[in-house]
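This report concerns only the one structure given below.
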Amino acid sequence: MNETTSDHAGIGLTFDQTVPCRLAHRRAVGEVFVTDSSRLTNGDVWVAIQLPRAHSLWADRSIAIHDPLSVAEAARQGTFVALHRHCGVPLGLPFSLKKWQFGVVDIGLFADNERTPIEGFVRYRVGKRVGLGSNFEQLGLEGRVTIGGELAMTANAEIVFFPPDDYAAIRNFHRSGMTSAGPDAANLPKRLDPSVVGRSDPRNIVIGDCAEQLGSRFPLVVDLGHPSFFDHSYDHAPGPLLVEGFRQASIVAATRAGALDTPACVVTGCDVTFSHFGELDALLECSATVVGGDSGAATVEVGLHQKGRELAEGTMELSPAPDPAAGMHR
């Protein structure tokens with residue numbers, strides 16, 4: 001089904017202010033990208049999203065295309081707003097993002113006009129809660145992101161909720177055997193040069209280089225002071241940091257393999273499943289292996305590893321950045 005402006009009639013969502021920070025699981029107002037939400041009589045939840053033009057992370061790019069990962073992050077925040085405000089999930093209930101998937105439908109809709117922030121709507125179809133035993137529950141959300149009244153991206157999530165006591169026990173078990181000291185600036189891996197992943201700010205580089213130039217595992221730079229990835233404190237490596245690590249590792253692997261001509265590319269697809277928490281006090285590594293691609297695009301298998309265990313796996317789709325002057329859309 002094509003999404004059109006008429007699909008938004010009667011919803012009445014605005015972009016005048018953000019939702020409360022706590023609903024989006026953010027600490028800083030400037031890190032909240034959801035502005036409004038509503039639940040319709042059919043059960044669908046709609047959220048309005050707006051991305052700032054001058055964001056220290058998401059505006060750090062060398063191409064005139066809004067980063068699809070930034071819109072995916074807005075959609076991720078939208079899942080929390082939908083769950084807390086419209087689905088009865090209490091604030092503070094421990095959860096784990098088990099699966100995160102998005103796919104760009106029309107990259108032309110992400111063009112930066114250099115005049116206005118990118119705005120859009122996410123329609124979430126909320127799945128039934130599934131009991132997993134011992135009070136654990138899983139919930140799925142299927143999202144469709146519209147920009148300018150047209151379908152721009154799909155975004156789907158599967159989330160597992162934990163009783164607080166069980167979550168504490170699981171986290172204590174996972175942390176056993178790890179070192180006691182967390183990362184600090186003196187012990188962080190040396191970051192790659194920003195230019196090799198299409199960025200300019202060294203602070204936004206989240207991987208170091210492989211031990212060997214032709215290797216496929218990149219150490220993750222866990223910078224607890226990063227204002228976006230660590231907008232607030234975590235007891236584990238946060239999902240946005242891990243996905244950015246996958247993106248950067250994929251770009252380096254693809255350019256070194258000759259699958260991409262330049263690191264100035266866009267992520268047009270992501271499909272990642274998380275099976276374990278990533279601990280903050282032991283080395284995390286992102287693996288990236290090119291497995292396909294054509295017309296200058298690349299498909300890259302990615303993984304997250306720690307202490308000999310695979311914590312996550314999936315694929316990233318990278319595409320050449322379109323030329324805005326050539327007319328990317330319509």
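The values are calculated or read from the model by the stated rules, or taken from the named source; none is laboratory data. These numbers were taken from a predicted model, which means no experiment stands behind them. Virtual Cβ from ideal backbone geometry, glycine too; neighbours counted across all protein chains shown.
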Q: Being acidic (Asp, Glu), under 17 Å from the mean Cα position of the chain (by Cα), in the same structural domain as Cys21 (by the TED database) and surrounded by fewer than 19 Cβ atoms within 10 Å (Cβ to Cβ) narrows it down to one of Asp60, Asp67, so name that one.
A: Asp60
Q | Verdict on Asp201 being closer than 16 Å to Asp67 by Cα, of a type in the set (D, E, K, R) and outside the structural domain of Glu73 (by the TED database) | A | yes
Q) Considering Ala282, Ala259, which residue is outside any strand (DSSP E or B) and within 15 Å of Ser216 (Cβ to Cβ)? A) Ala259
Q: Please go through region 41-77 and pick out each residue that is in a loop (DSSP other than H, G, I, E, B) and closer than 22 Å to Ile159 by Cα.
A: Asn42, Gly43, Asp44
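Per-residue answers, yes or no, for (1) touching a Cys at 6+ places or on another chain (Cβ under 6 Å); (2) among the hydroxyl-bearing types (Ser, Thr, Tyr); (3) more than 21 Å from Gly198 (Cα to Cα):
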site	(1), (2), (3)
Val243	no, no, no
Ala253	no, no, no
Pro263	no, no, no
Thr268	no, yes, no
Asp271	no, no, yes
Phe277	no, no, yes
Leu283	no, no, yes
Leu311	no, no, yes
Q: Report, by residue number, each residue of region 268-281 that is more than 15 Å from Leu241 (Cβ to Cβ) and surrounded by 17 or more Cβ atoms within 10 Å (Cβ to Cβ).
A: Thr268, Gly269
Q: Can you run down the residue pairs with Cβ atoms below 7 Å, 6 or more apart or on separate chains, where the first is in region 315-330 and not assigned by the TED database to the domain that holds Ile147 and polar (S, T, N, Q) and the partner is modelled with pLDDT under 95 and surrounded by 17 or more Cβ atoms within 10 Å (Cβ to Cβ)?
A: Ser319/Ala297
Q | Criterion violated by His84 - all others in (1) surrounded by 19 or more Cβ atoms within 10 Å (Cβ to Cβ); (2) modelled with pLDDT of 95 or more; (3) touching a Pro at 6+ places or on another chain (Cβ under 9 Å) satisfied | A | (2)
Q | Matching residues, region 213-238, being under 28 Å from Ala297 (Cβ atoms) and modelled with pLDDT under 95 | A | Gln213, Leu214, Gly215, Ser216, Arg217
Q: Please give the number of the condition Cys210 fails out of (1) at pLDDT below 95; (2) surrounded by fewer than 18 Cβ atoms within 10 Å (Cβ to Cβ).
A: (2)
Q: Consider Leu224 carefully, then state whether it is aliphatic (A, V, I, L, M) and either within 28 Å of Gly92 (Cα to Cα) or surrounded by fewer than 20 Cβ atoms within 10 Å (Cβ to Cβ) (or both).
A: yes
Q: Would you please name the residue that is farthest from the chain's Cα centre (by Cα), looking only at residues in region 246-296 that are closer than 18 Å to Ile107 by Cα and of a type in the set (S, T, N, Q)?
A: Ser295
Q: Could you please find all residues in region 44-57 being out of contact with any strand residue (DSSP E or B) (no Cβ under 7 Å at 6 or more places or on another chain) and crowded, with 17+ Cβ neighbours inside 10 Å?
A: His55, Leu57
**Q.** Cross-chain or 6+ apart pairs with Cβ under 6 Å, region 81-100 first and touching a residue at least 12 places away in the same chain (Cβ under 8 Å), then among the aliphatic types (A, V, I, L, M) and part of a loop (DSSP other than H, G, I, E, B)
**A.** Val81/Val19; Leu83/Val89; His84/Leu91
Q) Among Val243, Val266, Val272, which is in a helix (DSSP H, G or I), at pLDDT 95 or above and β-branched (Val, Ile, Thr)? A) Val243
Q) Based on what the data block shows, is Glu73 more than 23 Å from Gly103 (Cβ to Cβ) and not hydrophobic (A, V, I, L, M, F, W, C)? A) no
